[in-house]
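Notes follow the structure.
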Amino acid sequence: METLATLSLNREGGFQELRGGSLGVRLALNEEERDAAQALRYKVFFEEMGAHPTALAKRTRRDVDAYDTFADHLLVIDYDRQGPERVVGTYRLLRSEAAQRAGGFYSAAEYDISCLTDFPGHLLEVGRSCVALPYRGRTAMQLLWRGIASYIFLHRIDVLFGCASLPGTNPDALNDELTWLYHNHLAPPALRVRAQPDRYVSMQRSNPAQLDRRRCLAGLPPLIKGYLRLGGYIGDGAVVDEQFNTTDVAVLVKSELLADKYYRHYERRLRDALD
């Protein structure tokens, strides 16, 4: 049985597929699988979430940008399905070395990430995360997190970061959520990326003393809550993304926080199975 504590973390063997029932998580192996991920992204972002496609995206029904060529694409695959539709979840992973070839990180268009790029360790930018509607339960997202944990161990990643989205382009509708994130999860100065000056939207929008923690958490997308549960941080400033119909925040996780959580979890499961 493959576990995160054994085969999946064998650096010599490379990234190993992890399974959960009919679902598996692994990296895209070829152009066809990457195309399937881009088709899924288009369906979720543009057809479901109201993003505004370019003429090319509308014609091809694919969400594609210049970073895709250089990134690894983590896939959740349903082996009970056939063809491109069996790709039911995806996450784009862009390491420091790949970003150099791509001309930089995607997040740099929204945030000043120099405090990260000046850092001597290995960086991993994550983004373009989505799961097909029928699979938006615990299993698919846990597989994606397990895959990322394995990937950061394999490539000795020090900091994971990216842009995470709240729905809509009206920050006033997100006053409490943004304020709560700023006052409870702001990154320490060494990791505190800041929104680009021409795109900076203040996150201090409500009286923090009057916020209802439970209601603020309920208003956050599951992905952002997932980062926070892993001990993640939020950068300074939100950014409105008109094309994708979202308000973005920068998220950062020290990779050992993510990896340690999954090491403990799956090592405990392995011990229980052997007892």
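At-a-glance table
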read-out: Candidate set from region 79-110 (those that are hydroxyl-bearing (Ser, Thr, Tyr) and under 30 Å from Arg138 (Cβ atoms)); member that is surrounded by the fewest Cβ atoms within 10 Å (Cβ to Cβ); value: Tyr79
read-out: Helices (runs of 4 or more DSSP H) enclosed by region 194-275 - at least 3 residues per element that are modelled with pLDDT of 90 or more and among the charged types (D, E, K, R); value: 213-218
read-out: Region 1-60, residues that are at pLDDT 95 or above, among the acidic types (Asp, Glu) and in contact with a strand residue (DSSP E or B) (Cβ under 8 Å, 6 or more places away or on another chain); value: Glu33
read-out: Residue within region 96-107 that is closer than 23 Å to Ile234 by Cα, hydrophobic (A, V, I, L, M, F, W, C), touching a Ser or Thr at 6+ places or on another chain (Cβ under 8 Å) and in a helix (DSSP H, G or I) present; value: no
read-out: From the options Pro84, Pro53, residue that is over 22 Å from Tyr151 (Cα atoms) and part of a helix (DSSP H, G or I); value: Pro84
read-out: Candidate set from region 198-229 (those that are surrounded by 14 or more Cβ atoms within 10 Å (Cβ to Cβ) and in contact (Cβ under 8 Å) with a residue 60 or more places away in the chain); member that is farthest from the chain's Cα centre (by Cα); value: Arg199
read-out: Qualifying positions in region 159-192 - assigned to a strand (DSSP E or B) and under 22 Å from Phe119 (Cα atoms); value: Val159, Leu160, Phe161, Gly162, Cys163, Ala164, Leu186
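The values are calculated or read from the model by the stated rules, or taken from the named source; none is laboratory data. Everything numeric in this text was worked out from a predicted model, so none of it was measured. Note: ideal-geometry Cβ built from the backbone for every residue, glycine included; neighbour counts use all protein chains shown.
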